[in-house]
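Laboratory data are not the source of any read-out in this text; all were calculated from the coordinates shown. Source: prediction; values computed, not measured. As a convention, Cβ positions derive from the backbone with ideal geometry for all residues, glycine included, and neighbour counts pool all protein chains shown.
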Amino acid sequence: MAPDARPIGVIGIGWVGLVTAVCFAEMGHSVVAMDIDAKKVRGLSRGRVPIHEPGIDERLERNRERLTFTTEMEDVLEFARLLFCCVDTPPTYSGDADLSRVQAVVSQLPPDGEYALVMKSTVPSGTGRAIRRDAPGIAYVSCPEFLKEGTAVQDFLHPDRVVIGADSGAEWAADEVEALYRPLGGEIVRTDVASAEMIKLAANAFLATKISFINEIANVCEEVGADVTEVARGMGLDQRIGPAFLRAGAGYGGSCFPKDVSALKQLAGNTGYHFQLLTAVIEVNELQKRRIIGKLQKHLGALAGKTIALLGLAFKPDTDDMREASSLVLAARLQGEGAKVRGYDPVAREAAGKLLPSVELTESAADALEGADAAVIVTEWPEFAELDWTSLRERMAKPVVVDGRNFLDGRALSKAGFEYEGIGLANGGAQAGATPPAESAEASPR
């Protein structure tokens, strides 16, 4: 190891854990990463990456000597005293975060004060306090992650900030975590544990609020004949607002925003406080996905017997993550209306097949559009903008495109003979074309 390198343990090798382990290895540290999924561990030990994330494959291969994957907690404890907890914390039926995996990790740590648990998993504010109460011998540090799927490696290696929360007795662990991240250059935010836990939830809830807000503006724009892309551009030039996450569309998804917004709303509710704004954010997001159905009905009438092609199934580009993807809601609603649904995604076909068994998944966008009555752009994969839409029009039963991401050039498609409709665009977008902000509304930190 390099002179300043440290042995690091990572517990949980999901998306966050794998990025964390591989990027620390890229920085020169030796890492032992543990997961209970033996198949995943065997695959990673052989260099097989179980997720689609740009930059992971080559860095895993380059740093295999520094990376050890195991199913045994003992291997981690023998190797490192700094343990990064990256296990899943999915929502329960009540809306609270399921902390059973976190609790299982804590139960396996010796209470002798030798180890530090660095919490990367998203947990509600108060989790650290409870762990310190139940296991006072464990030094606890909250270090929430702010990675975006599709750019996670770059986000890790070039952070805008690193939040480190620690209370009395865990300063040594916080110092070690700070030393790990300091070479990356992001601003270090040292605070208490409860505040660090809240920062993650508050940040994601605010970004989700921006998305729901611009979607509401888009819906008003459709009623008054305004163009939401121009409205968003004018708003975003105000430095107090900024352009990021002001892209109207079919709503946010993924493993992060829906879960964290609901978790913060539930956390507030558990204290007796009704978080009215987040209630509206969630409602707007759910309704926005369903507005696509109305747009299709506007062009096709009743959808029973119609064939609809969903282009893009993952919740955002550059990932195969299907969690809370808009395609899941759209497919279910379309089938509920009696439509036949086809779907295509460049990388998420396998993941989609498990969640959309009644959807015909195709090998290409052209196959999905063959004989289709309409196409819906669900995920803004770059290849969809590069399709030869003029020739594809001849393969469709009806040349209708509903652009759920304002991603295509509506003016060009209109000239090519399509009935084009975007989200919040004047005249449906066919006259002006779509020129969305650069930041994707789906580029969500987890």
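Listed values, structure above:
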read-out	value
Prolate/oblate/rounded call for region 270-380, Cα gyration tensor, a/c under 1.5 rounded	oblate
Å³ per residue enclosed by the Cα convex hull of region 7-191	114
Student exercise, region 225-429 dipole from Lys, Arg, Asp, Glu Cβ charges, in Debye to nearest 20	620
Estimated Rh, the chain: Kirkwood, alpha-carbon pairs, angstrom	23.1
Shape category assigned to region 215-264 from the gyration tensor of Cα positions, a/c cut at 1.5	oblate
Extension gain, Ser107 back to Ala280 (0.36 nm per residue minus Cα-Cα distance, nm)	58.5 nm
By average C-beta atoms within 10 angstrom, highest first, the peptides 338-347, 268-277, 231-240, 390-399	338-347, 390-399, 231-240, 268-277
Hz values of 3J(HN,Hα) by residue in region 299-314 - Karplus curve (6.51, -1.76, 1.60), Gly and Pro given as x	8, 10, x, 4, 8, 4, x, 7, 10, 10, 9, 9, 9, x, 10, 5
Sequence-distant residues sharing a close amide H with Val400 (under 5 Å, placed H)	Ala375, Glu419
Mean-position separation - Cα centroids, region 23-71 and region 370-409, in angstrom	38
Under-5 Å amide H pairs with Met119, H placed in peptide plane, nonlocal only	Cys85, Val141, Ser142, Cys143
Equivalent ellipsoid, region 225-429 (semi-axes from 5 times Cα gyration tensor eigenvalues, Å)	29, 21, 16
Gain on full stretching of the segment that runs from Glu61 to Tyr273 - 0.36 nm per residue minus C-alpha separation	71.4 nm
Estimated inter-spin distance, Gln154 and Ser364, nm [label 7 Å along Cα→Cβ]	2.9
Label-to-label distance, nm, for residues given as Glu171 and Glu72 (7 Å Cα→Cβ offset)	3.8
Shape call, region 58-107: gyration tensor on alpha carbons, a/c limit 1.5	oblate
Interchain or long-range residues, amide H under 5 Å from Ala33's placed H	Val10, Thr68, Phe69, Thr70
Ellipsoid equivalent to region 158-294 - semi-axes via the Cα gyration tensor, in Å	34, 20, 11
Whole-Å distance, taken between Cα centres, linking region 122-200 and region 216-264	29
Rounded to whole Hz, the Karplus (6.51, -1.76, 1.60) HN-Hα couplings of region 165-171, x for glycine and proline	x, 8, 10, 4, x, 10, 4
Vicinal HN-Hα couplings computed from phi for region 80-96 (Karplus, 6.51 cos²θ - 1.76 cosθ + 1.60; Hz; Gly/Pro x)	9, 9, 9, 10, 8, 8, 10, 7, 6, 10, x, x, 8, 4, 7, x, 6
Net +/- balance of residues flanking Val341 in space, Cβ distance below 12 Å, scoring K and R +1, D and E -1	+1
Nearest-ten-degree value, helix 257-270 long axis tilted from longest Cα axis of the chain	60
Links that overshoot a 22 Å alpha carbon limit, given the list Lys39/Lys259; Lys40/Lys316; Lys39/Lys148; Lys210/Lys265	Lys39/Lys259; Lys40/Lys316; Lys39/Lys148
Burial ranking of peptide ranges 258-265, 291-298 (average Cβ count within 10 Å, highest at the top)	258-265, 291-298
Surrounding net charge for Arg59, when Lys and Arg each add one and Asp and Glu each subtract one, Cβ distance under 12 Å	-2
Formal net charge of residues neighbouring Trp172 (Cβ-Cβ distance under 14 Å; K, R +1; D, E -1)	-3
